[in-house]
1. Work out, step by step, the length gained on full extension between T23 and E111: first 0.36 nm times the residue separation, then minus their alpha carbon distance; give nm to one decimal.
2. Quick one, what does Rg over Rh come out to for the chain if you take C-alpha atoms and the Kirkwood Rh?
3. At 0.36 nm per residue, minus the direct Cα-Cα distance, what do E173 and N39 gain on full extension? Give it in nm, one decimal, please.
4. Using θ = phi - 60° and the Karplus relation 6.51 cos²θ - 1.76 cosθ + 1.60, list the HN-Hα couplings for segment 81-93 in order, rounded to whole Hz, with x at every Gly or Pro.
5. R123 versus S81, label points 7 Å from Cα toward the beta carbon: distance in nm?
6. Select from T32, T12, T72 the residue whose mean-square fluctuation is largest in a Gaussian network model of the chain (Cα-Cα springs shorter than 10 Å).
7. Provide the per-residue ³J(HN,Hα) series for segment 96-104, in order, calculated from phi with Karplus coefficients 6.51, -1.76, 1.60 and θ = phi - 60°, each as a whole number of Hz, with x at glycine and proline positions.
Amino acid sequence: MSRKLFSPLVITLAIIAILVLGTISSYNSLVTLEEQTDNAFANIETQYQRRFDLIPNVVNTVEGVADFEQETLQNVVAARSAWAAADTTNGKIDAANGFESALSRLLVTVEAYPELKATQAFRDLITELEGTENRIAYARNEFNAAATEYNTSVRKFPRNLIANLFNFEPEKELFKAAAEADVVPVVDFGNNQ
């Protein structure tokens, strides 16, 4: 009787059942990780939208200073438009890095305009922008953690086979510091005469 319990058919069916259940489990895990990553990126987008909604107010306040560098303002507006035009996660990450670079240049340029920094409207906008930047940093960290977990899972064996079989995205790009983040900005108050 014990021979019939372990017949080749039963063993084959058991192996098939284990493979099917393993595939289903791996697939569901990958779906969960992908959704967590997408949700984390959506949180970043929400914070970026908050930032981008503030930018027209910052630009309008800064434009009130007659001799303010128009090229700097144009770069900020162009970078904001690039974010809106980006249609992929990687495109949005690149656009976000470009925007941060333009915004940094704007804020460094503002240092040369004490009358602008003295206005209450500008100080309020900068305070709100700083709060948003903190939220963005937090959201980016959350995204990077979710994306790292997803990337690890997609690359590990045997899930990499399931990921390839069901066309999961190979890897999610992480947010990294902008290329010029290690360069200290030069602030010139015009006192070099």
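1. 25.9 nm
2. Result for the chain is an Rg/Rh of 1.26.
3. 46.8 nm
4. Karplus-based 3J(HN,Hα) across segment 81-93 equals 5, 4, 4, 5, 7, 5, 10, 10, 4, 5, x, 5, 4 Hz.
5. A separation of 3.4 nm, rounded to one decimal place.
6. T12
7. Going residue by residue, I get 4, 5, x, 5, 4, 5, 5, 5, 4 Hz, with x marking Gly and Pro.
A short reminder: the numbers here are calculations on the coordinates, not readings from a lab. Because the structure is predicted, anything quoted here is derived from the model rather than measured. Note that we place each Cβ from the backbone using ideal geometry, even for glycine, and neighbour counts take in every protein chain shown.
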